[in-house]
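Q: Next up is a structure, given as structure tokens.
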Amino acid sequence: MNDMSRGGKGRKIHPGSGRRKAPIFPKGRLLAQEDAEAVRDLLGDRPRQRDMLIEYLHLIQDSQGCLPAGHLQALGDELKMPMAEVYEVASFYAHFDIVRDGEDRPAPVTVRVCESLSCMLAGAEELIAALEAKALPDVRVVRAPCMGRCDTAPVCEAGHRHLDHVTADAVAAAVAAGDLHAEVPDYRDFDAYRADGGYAVLESCTKGERTVEQVIETLSDGGLRGLGGAGFPTGRKWQFVRAEAKPRLMAINGDEGEPGTFKDRYYLERNPHKFLEGMLIGAWAVEAEAVYIYLRDEYPACREILLKEIARVEAAGLSDHTKIHLRRGAGAYICGEESAMIESIEGKRGLPRHRPPYVAQVGIFDRPTLVNNVETLYWVPEILEKGADWFASQGKSGAKGFRSYSVSGRVKEPGVKLAPAGTTARELVEAFCGGMVDGHTFKGYLPGGASGGILPESMADLPLEFGALEEHGCFVGSHAVVILSDKDDMKAVALNLMKFFEDESCGQCTPCRNGTEKAVHLMSNGSWDPDMLEDLAEVMREASICGLGQAAPNPLASVLKFFPEDVR
């Protein structure tokens, strides 16, 4: 034996030197055969792609009720990924429960109780207390952010079944019955949509009866804007993406996690094909090779509907010009931000990207990507069918088109209210929602969900439209309107919203991560220090990377500005 074979690099290893030969197995945690086989069986013949990581984490979570450490290691082995990468993604999302070796698994049934604003107003705290007092066997009760059902508050999710206007007794009955699967409502399916002329507009596009230029011009003249919150002109966005080099992709933002917002769920659960037709027209217009629908995990019924109906669209040959992928979120509000959503689609943590470049230039897999909201695309087929003038003429106060206002809070008839763009909060309360709840007097309102600020009743005649409220430090965003009354403590309202932002901050940047935490601490005191809070708000607005940190101080600033009597 030569010196190299006995010790390497020509030096002998002498007996008693203390050095040992390298172990014959990898250092660190050993992959158990049973874990490897279990994960392999779960994945079946699914592709071992890095971007499918979150989908496969859901497979494990659904089958095991948690993410056992051994299964995480086996998944990393299957995807040829380091365990650290698998763990960092799994630990980022709220709906994944990692269980390390030696730890107890969570209870078989998880009941998530929404504690966001509309549910707080409807008694979420009392519901949580009652459930904890019941101490249901094999059930854990956890607090959860908005579930997109604000019109039926208070709400909880038992397993994958949502319970509306819920009581502790109703939760106990549902758990005892064991029916914890998503309840799919009646909806307009493929056959019904086709029988009414559905997909005719799409076919007129794919058959060359309409040009891309004509389609974009009609949408632009009609005034269609992004209805996920930003309000960017849809036709112009399509033009920007078309100007980029191929190959191009498309992403659908179905992660409406803004407290107070539920319009996308409303349309997906009632008329999904109108959205799907608009989506396929968009994919045709920008020549997207694939479309990725990113749907929040809180919408299991929508997911079942889309899985079934997308398959029927594909079988009918209506999507031959693109490939449709349905991706499932995992409980992260930040993924409603378009670049964070794209990171999640790629199987990563939902951390917002620095811009530029913008996602229209560098999006999914670094390809130019068109990102549209569910409701935006929902209107596309009807605008193209009826014409730009029809849609543009629906607005008022200089606005164009319809708006789907998600209205909740202290009104008799909450829900999605289809109204002309530019409708006011007072009109929504009086003409669309049956007035205030008995015994309550209109005091204030959120014009744009948690991040849109809070305005007093004296400003309830302002049009709820893009650009109309910014001078007051507020905005309409996704048109989520929460009505408040004289029975509501504005300090408590602002604190509830700030706690939401603290919990949902991705933690990437210090102004948002530490700023929301500090704000919650300061706002939890008996008395507020307006100067300190306003200084903190300015830092968060100016220095945060994305819209979450920039908008988080809006409710706080609004209370200081418009409700000073509540701060004293």
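The values are calculated or read from the model by the stated rules, or taken from the named source; none is laboratory data. Keep in mind that what you see is a predicted model, and the values were worked out from it rather than measured. Cβ atoms come from the backbone with ideal geometry, glycine included; neighbour counts cover every protein chain shown. Calculation scope for accessible area: heavy atoms of the full protein, side chains included, ligands and nucleic acids excluded. Shrake-Rupley method; radii C 1.70, N 1.55, O 1.52, S 1.80 Å.
Q: Name the residues whose placed amide hydrogens come within less than 5 Å of the amide hydrogen of Ala330, ignoring near sequence neighbours (fewer than 5 apart) on the same chain.
A: Asp297
Q: Here's something else I'd like to know. Would you please state which residues of region 344-358 a label at Phe240 would reach in this model, taking the label point 7 Å out along Cα→Cβ and a backbone N cut-off of under 19 Å?
A: Flagged as within label range: 352-358.
Q: Would you calculate the volume per residue, in Å³, of the smallest convex hull containing every Cα atom of region 435-568?
A: Output value, Cα hull per residue: 107 Å³.
Q: Using only the alpha-carbon atoms, how far is helix 53-64 inclined from the longest principal axis of the chain? Give it as 0 to 90 degrees, nearest 10.
A: Once rounded, one gets 80 degrees.
Q: Another one. Could I have the simple spin-label model distance between Asp179 and Arg568, label points 7 Å from Cα toward Cβ, reported in nm to one decimal?
A: Distance between the two pseudo-spin positions: 5.4 nm.
Q: Using alpha carbons only, what's the Rg to Rh ratio of the chain with Rh from Kirkwood?
A: 1.02
Q: What's the magnitude of the charge dipole for the chain around its Cα centre, counting Lys and Arg as +1 and Asp and Glu as -1 at the beta-carbon? Answer in Debye, nearest 20.
A: My answer is approximately 2280 debye.
Q: Evaluate the distance, in nm, between pseudo-label points positioned 7 Å from the Cα of Glu289 and of Asp503 along their respective Cα→Cβ axes.
A: Modelled inter-label distance: 4.0 nm.
Q: Around Asn373, which amide H atoms from residues at least 5 apart in sequence, or from another chain, sit under 5 Å from its own amide H, with H modelled in the peptide plane?
A: Here the answer is Leu227, Gly228, Asn253, since their amide H atoms fall under 5 Å of that of Asn373.
Q: Ok, one more. Among DSSP bridges having both ends in the chain, what percentage is antiparallel? Round to the nearest 5.
A: Expressed as a percentage, antiparallel bridges in the chain total about 40.
Q: Place the peptides 242-255, 405-418 in order of packing, highest mean first, counting for every residue the other Cβ atoms within 10 Å and averaging per peptide.
A: Sorting 242-255, 405-418 by mean packing, highest first, produces 405-418, 242-255.
Q: Also: Ranked highest first by average number of other Cβ atoms within 10 Å, how do 263-274, 330-341 line up?
A: Descending mean neighbour count gives 330-341, 263-274.
Q: For the chain, what is the mean residue ellipticity at 222 nm derived from helices alone (per DSSP H run of n ≥ 4: -39500 (n - 2.57); sum divided by total residues; nearest 500 deg cm²/dmol)?
A: -11500 deg cm²/dmol
Q: Tell me the angle of helix 168-177 to the major Cα principal axis of the chain, expressed in degrees between 0 and 90 and rounded to the nearest ten.
A: It is inclined by approximately 50 degrees.
Q: Per residue, how big is the convex hull of region 36-77 when only Cα atoms are used? Give it in Å³.
A: 61 Å³
Q: Hey, another quick one. Using a 7 Å offset from Cα along Cα-Cβ at Val212, what residues in region 233-276 end up with backbone N under 17 Å from the label point?
A: 234-251
Q: Based on the alpha-carbon gyration tensor of region 249-346, what equivalent-ellipsoid semi-axes (square roots of 5 times the eigenvalues) come out, in whole Å, largest first?
A: One finds semi-axes of 21, 16, 11 Å for region 249-346.
Q: With an 8 Å Cα cut-off and a minimum separation of 6 or more residues, compute the relative contact order for region 434-474 in percent.
A: 32 percent.
Q: Ok, one more. Give the peptides 440-453, 351-364 in descending order of average Cβ contacts within 10 Å, highest first.
A: Put in order of decreasing packing, that is 440-453, 351-364.
Q: Moving on to the next point. Can you tell me, using C-alpha contacts under 8 Å and at least 6 residues apart, the relative contact order of the chain as a whole percent?
A: The value is 12 percent.
Q: Regarding region 377-436, what whole-number volume in Å³ per residue does the convex hull of its Cα atoms give?
A: Hull volume normalised by residue count: 78 Å³.
Q: Once you keep just the Cα pairs under 8 angstrom separated by 6 or more residues, what percentage relative contact order results for region 187-333?
A: Contact order relative to length: 28 percent.
Q: Along the charge dipole of region 163-273, which of Tyr193, Phe240, Asn271 sits closest to the positive end, that is, farthest toward it, with unit charges on the beta carbon of Lys, Arg, Asp and Glu (+1, +1, -1, -1)?
A: Toward the positive end, the furthest listed residue is Phe240.
Q: Another question, then. Would you list the P(r) distribution for region 263-412, with all Cα-Cα distances sorted into 10 Å bins from 0 and each bin expressed as a whole %?
A: Here the calculated profile for region 263-412 is 10, 35, 37, 17, 2.
Q: A further question on this structure: When the accessible area of the chain is split by element with a 1.4 Å probe, what percent falls to carbon and sulfur?
A: The computed percentage sits at 48.
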